[in-house]
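First up is the structure itself, then whatever we jot down about it.
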Amino acid sequence: MSGDLGEAARAPELAAVADAPSGNWVDRHAPAALRPYLRLARLDRPIGSWLLLMPCWWSTALAAGAAHQPYPDPKLLILFAIGAVAMRGAGCTWNDILDRKIDRMVARTQNRPIASGAVSVPAAMAFLVFQCLVGLAVLLSLPRFAVITGIASLGVVAIYPLMKRITSVPQAVLGIAFSWGALMGWASVFRSIDDPALLLFVGSVCWVFAYDTIYAHQDREDDAIVGVRSTALLFGQSSWVALALSYTATVIFFALALMETPSGFFAWAGLVAFAAHLFNQVRRLDIDDPDLCLALFKSNRDAGLLFFVGLSLDVVAQHLSALWP
């Protein structure tokens, strides 16, 4: 890997990646030798880490309320944040290794580090191992039941990049992979997986399915040319119906999860704000506007944070009300 780092340091300036924010810290401040690897881990595009993190934080906050804790466990929140960055980077690295030939044929992805030749496959594999070790260190910091729960997700993560070749709904598999955190927070607090966590997980799968359908519309034409599948191609002009149904299912399952726990006003207010955000996305959707699709996709971080803040405030409020009835 060191040899490749040296080559990257001597290489000309890397071409911009299509969906990376302009002026991001990687492109502006990271050493040239590290830049291709940071791009490979998508550290120039942190939205994926946020979206992977949200179910972890929801689950932690929901479990904190059910366990009558004074607030969501800060240690768990920090561990999940580190783990989300590491495992999202590992997942993207694995995806880019498998998809390097396809990425070269798609306008939005042709400048990714492996597809463009900025990082070799052996160097990417070494970087993948490093990121997995960071994720493993985080996982081993959790209770044993949570460790086992986390390990159970690896098969889904490994096969996801292949799904676009064999199914028209790869977003469903991504939904399972990205929603596993909805089980992890609860498993870390209770050393079990109970109905509220399962309901949160199913709702999160529906959420990921919908927002990744929006994201996939950026590549709809290129995907059709190169022969890979997506829900964007499957639903086409009817995508708004699929999104409305998926987001409705998300809200219903989250509401059921709240009903299974002693959730109060703030949790429900957070869910209402979250739901309003989702349905505003459906209202604004224009599948023929790639920039809008990307913006709507990214806005799901804010939607997720609204729900997390509501859950967290509810935990604190219930604890205070117990102290001063």
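The values are calculated or read from the model by the stated rules, or taken from the named source; none is laboratory data. Only a predicted model underlies this, so the values are computations on that prediction, with no experimental measurement involved. Positions of Cβ are generated from backbone atoms using ideal geometry, with glycine treated the same way; all protein chains shown enter the neighbour counts. Ligands, DNA and RNA are stripped out before the accessible areas are found, and what is left, the full protein with its side chains, is counted by its heavy atoms. Shrake-Rupley method; radii C 1.70, N 1.55, O 1.52, S 1.80 Å.
When +1 charges are put on Lys and Arg Cβ atoms and -1 charges on Asp and Glu Cβ atoms, the dipole computed for the chain relative to its Cα centre reaches about 480 debye. Projecting the Cα positions of Phe201, Met163, Met87 onto the charge dipole of the chain (unit charges on Cβ atoms of Lys, Arg, Asp and Glu, taken about the Cα centre) puts Met87 furthest along the positive direction. When the Gaussian network model of the chain links Cα atoms closer than 10 Å, the mean-square fluctuations of Ala275, Ala152, Ala118 top out at Ala152.
What you get for the range 174-233, charging only the Cβ of Lys and Arg (+1) and of Asp and Glu (-1), is a dipole of about 200 debye around the Cα centre.
Here the extension length gained between Ala33 and Ala126 equals 31.9 nm, from 0.36 nm per residue of separation less the Cα-Cα distance. Solvent-accessible area assigned to carbon and sulfur over the chain amounts to 67 percent, based on a 1.4 Å probe. The residues of the chain present an accessible area of 43 Å² per residue when probed at 1.4 Å with all protein chains retained.
Starting from the Kirkwood Rh over alpha-carbon pairs, what translational D in µm² s⁻¹ does the range 76-145 have by Stokes-Einstein at 20 °C and 1.002 mPa s? Numbers along the way, then the final one.
Working: Rh = 13.0 Å.
This corresponds to a translational diffusion coefficient of 165 µm²/s.
Could you point to the label whose value was computed as Rg/Rh (Cα atoms, Kirkwood Rh) for the structure here, given (1) 0.98; (2) 0.95; (3) 1.16? The value matching this structure is (1). Which residue, chosen from Phe130, Pro290, Thr250, occupies the Cα position most advanced towards the positive end of the dipole of the chain, where the dipole is computed from +1 (Lys, Arg) and -1 (Asp, Glu) charges on Cβ about the Cα centre? After comparing all options, I get Phe130. Peptide packing: for 194-201, 105-112, the average count of neighbouring Cβ atoms within 10 Å per residue gives the ranking 194-201, 105-112, highest mean first. Fully extending the segment from Trp324 to Thr167 would add 51.0 nm, taking 0.36 nm per residue of separation and subtracting the current Cα-Cα distance. From its DSSP helices (H runs of at least four residues, each -39,500 (n - 2.57)), the chain gives a residue-normalised ellipticity at 222 nm of -23500 deg cm²/dmol.
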